[in-house]
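Note sheet for the following structure.
The values are calculated or read from the model by the stated rules, or taken from the named source; none is laboratory data. Since the model is a prediction, treat every value here as computed from it, not as a measurement. With ideal geometry, Cβ positions are generated from the backbone for all residues, glycine too; neighbour counts draw on all protein chains shown.
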């Protein structure tokens, strides 16, 4: 394994348009979908129907700025920032426990006045950086000592977000940790052992009633939504109706009955894919998934071309987070996953999630532009 050194070049190659263009298209689609999903509800409440639209546009602009700024971070500085980012987000998570704003039975946000910061979203990127820095120190193989250290590094923020409570983000950390450990060279025995421990730990949470009642109701609704169609199963059933109403090509923009009549709760955030499915149909939903597939492909391509293990693991980690978010978010709208509250990257309404995902892609894009050049490619001279 290797780590960034002063000998590594920070000169850059050309930008990756195959990463940038899909990201921008997803952001633009998100603006349209957020407006279509939020305007009828806001108007019915006597509020500005364009309120969430304006905020989402601002989040997109901020996200693009963050992406560009993160792309300029060189590998040496990125490696130096890893422990700072990790400790910084832990402090923010501690602050949430004491002064965090409470919304929808959860305490996940720091109220900054015009903006509510959700540190758990930032923690995903910080954990990627911290875990990559740790695992890149391994010599020839990942020993059990490294596995234990990795579990502690991932486990601390995972437990903190679970206490908010935020089961979905805790699962993100678990998946992220397993994928990065495997990419770093952990054995199948180590991965299998950690997976079994995770399964038993999750079962224990249910057995000792640590899981909140509403979280249990979500899982019950996933298994049998018709059993409580007016309450716990309502979101799942309405989501399924919206997706089915879209058919092959959709009802057209701003023409969805489920969307216009606000039948789907949290549609501009957790259930934004229902707005896509109803208005743009199967074809539109499939195109969204293709865009995400292209993004993940470019992230993994960057991992393959990275100069060292630290950069490679960062790229793999960001890809893992994107894959998990998309699978769970789309899956819960199709009733193949329980409702966990994970947003659809770049599409769902939300500022911190937009910033975090843009930062993650920006960091990997910076790695791509400083990758080992292929034959025939020349590096740009540094500014």
Inset, instruction - Look through 129, 91 and report the one residue that is part of a helix (DSSP H, G or I), without any contact (Cβ under 8 Å) to a residue 60 or more places away in the chain and farther than 27 Å from residue 265 by Cβ. - result: 91
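Between 130, 113, 46, 74, which is out of contact with any strand residue (DSSP E or B) (no Cβ under 7 Å at 6 or more places or on another chain) and under 30 Å from residue 258 (Cβ atoms)?
Values: 130 fails: under 30 Å from residue 258 (Cβ atoms); 113 fails: under 30 Å from residue 258 (Cβ atoms); 74 fails: under 30 Å from residue 258 (Cβ atoms).
Residue meeting the stated conditions: 46.
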Inset, instruction - Please enumerate the residues belonging to segment 147-161 that are in contact (Cβ under 8 Å) with a residue 40 or more places away in the chain and under 17 Å from the mean Cα position of the chain (by Cα). - result: 157, 161
Inset, instruction - List the number of the failed condition for residue 347; all other conditions in (1) closer than 17 Å to residue 32 by Cα; (2) modelled with pLDDT under 95 hold. - result: (2)
Inset, instruction - Residues being buried (at least 19 other Cβ atoms within 10 Å of the Cβ) and more than 21 Å from the chain's Cα centre (by Cα): count how many of those fall in segment 75-99. - result: 2
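Taking the residues in segment 96-108 that are over 13 Å from residue 157 (Cβ atoms), outside any loop (DSSP other than H, G, I, E, B) and touching a strand residue (DSSP E or B) at 6+ places or on another chain (Cβ under 8 Å) as candidates, determine which candidate is modelled with the highest pLDDT. Steps first, please.
To start, the set of residues in segment 96-108 that are over 13 Å from residue 157 (Cβ atoms) comprises 98-107.
With the extra rule that they be outside any loop (DSSP other than H, G, I, E, B), the set shrinks to 98-99, 101-103, 106-107.
Still in the list and also touching a strand residue (DSSP E or B) at 6+ places or on another chain (Cβ under 8 Å): 99, 101, 103, 107.
Values: 99: 88, 101: 84, 103: 81, 107: 83.
So the residue we want is 99.
Give me the helices (runs of 4 or more DSSP H) completely within segment 249-356, filtered to those with at least 2 residues that are surrounded by fewer than 20 Cβ atoms within 10 Å (Cβ to Cβ), at negative phi and more than 16 Å from the chain's Cα centre (by Cα), ordered by residue number. Don't jump to the end; show me each part of the working.
Working: elements: 257-260, 272-305, 309-333.
Helices (runs of 4 or more DSSP H) meeting the threshold: 257-260, 272-305.
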Legend entry - Single condition residue 369 does not satisfy, out of (1) modelled with pLDDT of 90 or more; (2) surrounded by fewer than 21 Cβ atoms within 10 Å (Cβ to Cβ); (3) within 17 Å of residue 266 (Cα to Cα): (3)
Legend entry - Cross-chain or 6+ apart pairs with Cβ under 6 Å, segment 180-202 first and under 13 Å from residue 146 (Cβ atoms), then in a loop (DSSP other than H, G, I, E, B): 184/142; 185/141; 185/142; 186/142
Legend entry - Answer residue from segment 132-146, given it is buried (at least 20 other Cβ atoms within 10 Å of the Cβ) and in a helix (DSSP H, G or I) and is farthest from the chain's Cα centre (by Cα) among those: 146
Legend entry - Among residues of segment 305-327, those that are at pLDDT below 95 and under 22 Å from residue 291 (Cβ atoms), counted: 1
Inset, instruction - Return a yes/no flag: does segment 53-60 have any residue that is surrounded by 17 or more Cβ atoms within 10 Å (Cβ to Cβ), farther than 27 Å from residue 268 by Cα and modelled with pLDDT of 95 or more. - result: no
Inset, instruction - Consider residue 361 carefully, then state whether it is more than 16 Å from the chain's Cα centre (by Cα), modelled with pLDDT of 95 or more and closer than 28 Å to residue 239 by Cβ. - result: no
Legend entry - Matching helices (runs of 4 or more DSSP H) fully within segment 157-245 where at least 3 residues are surrounded by fewer than 13 Cβ atoms within 10 Å (Cβ to Cβ) and modelled with pLDDT of 80 or more: 188-207
